[in-house]
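Working notes for the structure below.
The values are calculated or read from the model by the stated rules, or taken from the named source; none is laboratory data. Since the structure is predicted, the reported quantities are computational estimates derived from the model, not experimental observations. Virtual Cβ from ideal backbone geometry, glycine too; neighbours counted across all protein chains shown.
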Amino acid sequence: MANSSVKILLIEDDKILNDDITAMLSEIAEVKQVFNGADGEYEAVEAPYDLIVSDLMLPEMNGLDIIKEMRDAHIETPVLILTAKDSVDDKVKGFEVGADDYLTKPFHREELLARVEALLRRAGIDTEEKEINIGNLKIHLSNRTVTVGNQNVQLVGKEYDILVYLAKNKNIIITKDQIFDRVWGLDSDTTTSVVNIYLNNLRRKLESVGKNDLIKTLRNVGFILESDEQN
């Protein structure tokens with residue numbers, strides 16, 4: 001079953017191949033499709049992804065330049081180059097600019113998935129993760145439910161998504177923009193103010209089952225889910 005909390009950016013200008021790869025990767029993650037280098041570079045730099053799969057020969061901006069822009073901006077998201085360019089020189093150039101892996105076309109579905117899952121594991125992301133535990137709070141990823149002890153916490157879609165994102169980044173400060181980009185996406189028609197509304201609702205529901213101050217607001221900085229792994 002795909003882990004909807006894992007997000008992959010796919011940059012491939014061939015529409016049919018892009019759709020085919022998306023179908024493969026959708027088995028383990030949520031996939032954002034991009035069809036040119038300029039849009040790919042924007043997404044890679046501005047939005048949070050767990051992994052990027054990119055072609056090299058792209059319109060508007062090539063894959064090597066995308067990776068270079070990312071690394072220059074200190075963005076360490078793992079990158080898998082997926083390309084027809086199979087010379088040793090091309091592979092060396094890819095690794096030199098900061099790629100993490102290199103797979104040539106044509107490729108086998110099983111190898112692509114194996115390489116993607118290996119890169120995600122290396123980044124500490126389990127595509128088969130079933131549950132997140134924070135003390136006696138359990139987030140059940142397989143059926144999108146939350147329990148505290150033996151009590152169910154009834155969360156609506158975006159409330160649940162925010163909780164998962166903060167829980168996966170526990171004890172790390174997350175900005176409002178990061179939450180908005182991850183949960184609503186850059187293409188959303190709404191504004192970042194919606195984050196506060198959903199966070200307030202989420203807090204009230206957690207407080208109703210005794211989880212007071214689990215999610216803290218750092219004024220003008222962001223939010224943090226603090227956990228010492230105790231009940």
(request) Report whether or not Leu25 is under 22 Å from Ala118 (Cα atoms) and assigned by TED's automatic domain parsing to the domain that holds Ala118. (result) yes
(message) Just to confirm my filter: which strands (runs of 3 or more DSSP E) fall fully inside region 103-159 and include at least 3 residues that are of a type in the set (Lys, Arg) and free of Cβ contacts under 8 Å to residues at least 60 places away in the same chain?
(response) none
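Got a sec? Which of Asp65, Asp55, Asp72 is assigned by TED's automatic domain parsing to the domain that holds Lys105, over 30 Å from His140 (Cα atoms) and without any contact (Cβ under 8 Å) to a residue 12 or more places away in the chain?
Working: Asp65 fails: without any contact (Cβ under 8 Å) to a residue 12 or more places away in the chain; Asp55 fails: without any contact (Cβ under 8 Å) to a residue 12 or more places away in the chain.
Just one listed residue meets the conditions, Asp72.
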(request) Take the residues in region 97-142 that are out of contact with any strand residue (DSSP E or B) (no Cβ under 6 Å at 6 or more places or on another chain) and hydroxyl-bearing (Ser, Thr, Tyr), then tell me which one is surrounded by the most Cβ atoms within 10 Å (Cβ to Cβ). (result) Thr127
